[in-house]
Amino acid sequence: DTEVTQTPKHLVMGMTNKKSLKCEQHMGHRAMYWYKQKAKKPPELMFVYSYEKLSINESVPSRFSPECPNSSLLNLHLHALQPEDSALYLCASSQEAPDRSSAFFGQGTRLTVV
Amino acid sequence: RKEVEQDPGPFNVPEGATVAFNCTYSNSASQSFFWYRQDCRKEPKLLMSVYSSGNEDGRFTAQLNRASQYISLLIRDSKLSDSATYLCVDPAGDYSGGGADGLTFGKGTHLIIQP
């Protein structure tokens with residue numbers, strides 16, 4: 001069982017909707033990530049939070065807005081998405097230095113934008 | 001920018017056979033890597049870490065060749081349940097300023113074990 005929990009597991013939203021994806025971990029990890037994965041492609045990094053501060057934004061459009069309320073929670077707020085944003089959104093966490101420890105992934109939210 | 005390259009396959013292998021695939025990387029400063037396994041429509045899960053000394057876990061052996069900048073994964077006595085996509089991952093950062101960096105994934109190698 002994954003120790004990173006994501007909700008919801010599935011989400012269908014219209015292009016004018018506002019929704020949020022949620023991620024929670026209780027492993028004491030200080031780094032949390034959002035990845036986007038399209039079919040038959042590897043995960044693509046979107047955002048990295050380190051000690052609750054945004055440390056990396058991979059030039060993600062502003063219709064995606066991350067938030068880290070505390071060290072255990074990570075949200076991704078969605079607004080005015082496009083159909084091409086449909087994908088599997090994965091949350092992950094790791095110790096602050098991932099080159100010395102692996103990242104654990106949540107089961108993902110499968111997002112469909114209609 | 002660091003890159004990780006993998007042969008996407010698919011590798012079609014009969015059950016019980018030994019299969020190996022490689023991954024090349026561009027970041028010469030990288031000291032360790034990970035192999036993740038991803039089943040269809042599931043999240044990636046850590047299979048094993050790879051350091052300069054290599055790593056063996058049951059039927060799986062991973063090795064790092066720093067001189068040629070590649071890592072390998074060997075699966076012995078393959079099982080039907082080994083069918084998955086295997087992702088090579090470089091965790092070393094290429095961002096300045098310290099703190100956590102995102103993992104760089106290869107495109108993955110698709111493995112199909114046939115009965």
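For the subset of the range A:52-70 comprising residues that are under 22 Å from B:Ala92 (Cα atoms) and modelled with pLDDT of 90 or more, which member is nearest to the other protein chains (Cβ to nearest Cβ)?
A:Lys53
If you take the residues in the range B:1-34 that are within 10 Å of chain A (Cβ to nearest Cβ) and not in a loop (DSSP other than H, G, I, E, B), which one is farthest from B:Phe60 (Cα to Cα)?
So, considering only residues that are within 10 Å of chain A (Cβ to nearest Cβ) and not in a loop (DSSP other than H, G, I, E, B), the one farthest from B:Phe60 (Cα to Cα) is B:Val4.
Can you tell me which of (1) touching an Asp or Glu at 6+ places or on another chain (Cβ under 6 Å); (2) without any contact (Cβ under 8 Å) to a residue 60 or more places away in the chain; (3) not basic (Lys, Arg) is the one A:Gly108 doesn't meet?
Going through (1) touching an Asp or Glu at 6+ places or on another chain (Cβ under 6 Å); (2) without any contact (Cβ under 8 Å) to a residue 60 or more places away in the chain; (3) not basic (Lys, Arg) one by one, A:Gly108 breaks only (2).
Against the definition (touching a residue at least 12 places away in the same chain (Cβ under 8 Å) and surrounded by 18 or more Cβ atoms within 10 Å (Cβ to Cβ)), how does B:Ala62 come out, yes or no?
It is true that B:Ala62 is touching a residue at least 12 places away in the same chain (Cβ under 8 Å) and surrounded by 18 or more Cβ atoms within 10 Å (Cβ to Cβ).
What about B:Tyr86, is it under 30 Å from A:Phe47 (Cβ atoms), surrounded by fewer than 14 Cβ atoms within 10 Å (Cβ to Cβ), of a type outside the set (Lys, Arg) and within 14 Å of chain A (Cβ to nearest Cβ)?
Against the criterion (under 30 Å from A:Phe47 (Cβ atoms), surrounded by fewer than 14 Cβ atoms within 10 Å (Cβ to Cβ), of a type outside the set (Lys, Arg) and within 14 Å of chain A (Cβ to nearest Cβ)), B:Tyr86 does not qualify.
Checking the structure you have, find out if any residue of the range A:72-79 is at the interface with chain B (Cβ under 8 Å from one of its Cβ atoms) and crowded, with 19+ Cβ neighbours inside 10 Å.
No: the range A:72-79 contains no residue that is at the interface with chain B (Cβ under 8 Å from one of its Cβ atoms) and crowded, with 19+ Cβ neighbours inside 10 Å.
The values are calculated or read from the model by the stated rules, or taken from the named source; none is laboratory data. What you are looking at is a predicted structure, and each value in this text was computed from that prediction instead of being measured. Backbone-built Cβ (ideal geometry, glycine too); neighbour counts: all protein chains shown.
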